[in-house]
Amino acid sequence: MPELTLAIDGALTRCRIERACSYQPPKRPIRSRTMYAAGHVVAKENGEIDWESTLAFRRYLWSYGLGVAEAMDTAQRGMGLNWEGARELIRRSLSEAGGLIACGAGTDQLPEGQAFSLEEIIRAYEEQCEWVEKHGGRVILMASRALAQFAKSRDDYLAVYSRVLPQLKRPAILHWLGDMFDPKLAGYWGSRDLDAAMETCLTLIRDHASKVDGIKISLLNAPREIDMRRRLPDGVRMYTGDDFHYDELIRGDGTHFSHALLGIFDAIAPAASAAAQALDEGSYDEFDRILAATLPLSRHIFEHPTYLYKTGIVFLAYLNGHQERFRMVGGAESARGIEHLSKLLVLAEQAGVLLDPELACRRMQGLFDA
């Protein structure tokens with residue numbers, strides 16, 4: 001059995017890595033929840049996007065019955081992946097979509113460090129939404145750094161979104177990304193007070209319910225999400241973006257539940273699929289068992305500072321053979337240290353999401369030897 005010495009909790013520890021993933025793709029479409037995995041991008045040695053490996057990973061996600069949330073923060077959007085790269089990623093993914101897909105549209109073509117009017121921010125949103133819809137995609141209306149910087153009140157948020165949403169051909173998924181994922185989005189919806197911010201967001205959704213498929217909130221605050229989903233208009237979905245509590249939020253409370261749009265599903269796709277299949281069969285105990293085993297891994301990958309989670313996502317994809325090198329656009333592979341990555345390997349094995357333990361150990365050993 002594969003065995004190697006890892007740096008765990010400040011000490012060198014001999015670890016046996018032997019459990020291989022046993023979860024199988026679904027034989028029929030997943031029914032009980034809509035489950036999107038936010039996909040990462042694969043980089044070549046020079047840091048450019050490896051398009052074939054990136055698209056192959058989307059095919060892998062689709063094979064497990066998951067949807068793909070394209071060109072989101074998991075793809076290093078705004079943190080290594082610019083709008084030019086995102087445009088091409090969206091185009092390529094939509095051209096061969098083998099399952100459910102929705103694509104991020106934001107305002108990141110606006111250069112940071114410059115001032116912009118609300119009209120310019122609206123036009124930037126319109127340009128990106130038009131690109132997604134031109135290629136047949138559903139829009140995920142991403143939070144805007146420019147809007148967070150230049151909006152003067154809640155009314156500015158309502159004005160911008162109220163101009164953009166009515167123009168869309170299909171209902172969009174809104175995206176409320178907390179500042180733990182992107183510090184530049186602090187005070188989104190016009191207030192650092194989450195109660196006030198939620199009221200603004202709910203006002204927007206109620207005013208444009210026919211244009212809103214749902215909202216993904218990534219605040220790592222389960223009670224906040226539960227409160228908000230109870231208050232959504234009929235027909236508007238809650239998509240959990242909570243990588244710490246997704247198990248209980250997807251399971252629901254018997255009256256309401258969350259669908260999912262999660263970065264961690266990139267890393268645990270087979271387990272997420274198996275849990276959803278169990279839910280389809282009404283096996284809540286099996287659902288709980290499968291996802292409970294993945295929570296330590298997810299909470300480790302998303303530990304503070306949370307926005308560095310992309311490094312762990314890509315490292316696990318490397319261990320699992322989805323890419324030939326541990327490389328990220330913008331050099332972000334150096335963002336987490338060897339102890340973090342060592343523990344990630346152990347937790348991935350315990351979660352049952354290592355496709356080939358021997359390969360994973362060889363690649364981990366190679367990182368130590370480098």
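Bear in mind these aren't lab numbers, they're just calculated from the coordinates by the rules spelled out. Note that the coordinates shown come from a computational prediction; the quantities given were computed from them, not determined experimentally. No Cβ is skipped: glycine too gets one built from the backbone with ideal geometry, and neighbour counts run over all protein chains shown.
Compute the normalised compactness of the stretch 122-265: alpha-carbon radius of gyration over 2.2 N^0.38 Å, N being the residue count.
That ratio works out to 0.99.
Compare the Cα positions of Phe244, Ala269, Gly136 along the charge dipole of the chain (+1 at Cβ of Lys, Arg; -1 at Cβ of Asp, Glu; about the Cα centre) and return the one farthest towards the positive end.
The one lying farthest along the dipole's positive direction is Gly136.
Would you kindly work out the equivalent ellipsoid of the stretch 1-144 from its C-alpha gyration tensor and give its semi-axes, the square roots of five times the eigenvalues, largest first in whole Å?
Numbers: eigenvalues 225, 99, 38 Å².
Working from the Cα gyration tensor, I get semi-axes of 34, 22, 14 Å.
Comparing Gly187, Gly104, Gly352, which has the greatest mean-square fluctuation in the GNM of the chain with Cα pairs linked when under 10 Å apart?
For the chain, modelled as a Gaussian network with Cα springs under 10 Å, the answer is Gly187.
Please compute the Kirkwood hydrodynamic radius of the stretch 60-144 from all pairs of different C-alpha atoms, in Å with one decimal. Mind dumping the intermediate values first?
On the way: mean 1/r = 0.0756 Å⁻¹.
When all Cα pairs of the stretch 60-144 are included, the Kirkwood radius is 13.2 Å.
Give me Rg/Rg_expected for the chain, where Rg uses Cα atoms only and Rg_expected = 2.2 N^0.38 Å with N residues. Intermediate results must be reported in sequence, preceding the final value.
Values: Rg = 19.9 Å, N = 370, 2.2 N^0.38 = 20.8 Å.
Expressed relative to 2.2 N^0.38 Å, the Cα Rg reads 0.96.
Using a Förster distance of 41 Å, how high is the FRET efficiency between Arg230 and Ser334, based on the Cβ-Cβ distance and rounded to 0.05?
According to the calculation, E is roughly 0.45.
For the pairs Lys169/Lys211; Lys134/Lys216; Lys216/Lys343; Lys134/Lys169; Lys44/Lys184, flag any whose C-alpha to C-alpha distance is greater than 18 Å. Please report the intermediate quantities before stating the final value.
Numbers: Lys169/Lys211 9 Å; Lys134/Lys216 23 Å; Lys216/Lys343 29 Å; Lys134/Lys169 10 Å; Lys44/Lys184 28 Å.
In this structure, Lys134/Lys216; Lys216/Lys343; Lys44/Lys184 lie more than 18 Å apart at Cα.
Ignoring solvent entirely, what values of log10 I(q)/I(0) come out of the Debye formula for the stretch 223-299 at 0.15 Å⁻¹ when each Cα is a single scatterer?
Reported log10 I(q)/I(0), two decimals: -0.49.
Suppose we keep just the alpha-carbon trace of the stretch 162-221; what are its Rg and Dmax in angstrom?
Looking at the stretch 162-221, its Cα Rg and Dmax stand at 12.0, 33 Å.
How big is the antiparallel share of DSSP beta bridges in the stretch 1-90, given as a percent to the nearest 5? Display every interim value, and only then the final one.
Details: 7 of 11 bridges.
Around 65 percent of the beta bridges assigned by DSSP in the stretch 1-90 are antiparallel ones.
Count the DSSP beta bridges whose two residues both fall in the chain, then state the antiparallel fraction as a percent rounded to the nearest 5. Please list the in-between numbers first.
On the way: 7 of 35 bridges.
Of all bridge pairs located within the chain, approximately 20 percent are antiparallel.
What are the extents of the Cα atoms of the stretch 191-249 along their three principal axes, in Å, largest first?
Result for the stretch 191-249: principal-axis Cα extents of 31, 25, 14 Å.
For the stretch 22-108, with only Lys/Arg (+1) and Asp/Glu (-1) charged at the beta-carbon, what is the dipole magnitude about the Cα centre, in debye rounded to 20?
640 debye
Could you work out the relative contact order of the chain? I mean the mean sequence separation of Cα pairs under 8 Å and 6+ apart, divided by the number of residues, in percent. Show your work: numbers first, answer last.
Working: 678 pairs, mean separation 80.6, N = 370.
That works out to 22 percent.
So what is log10(I(q)/I(0)) for the stretch 314-370 at q = 0.12, 0.25 1/Å, when the Debye sum runs over its Cα atoms only?
-0.24, -1.10
Take the eigenvalues of the Cα gyration tensor for the stretch 254-331, scale each by 5, and report the square roots as semi-axes in whole Å, largest first.
Details: eigenvalues 147, 41, 21 Å².
In descending order the semi-axes read 27, 14, 10 Å.
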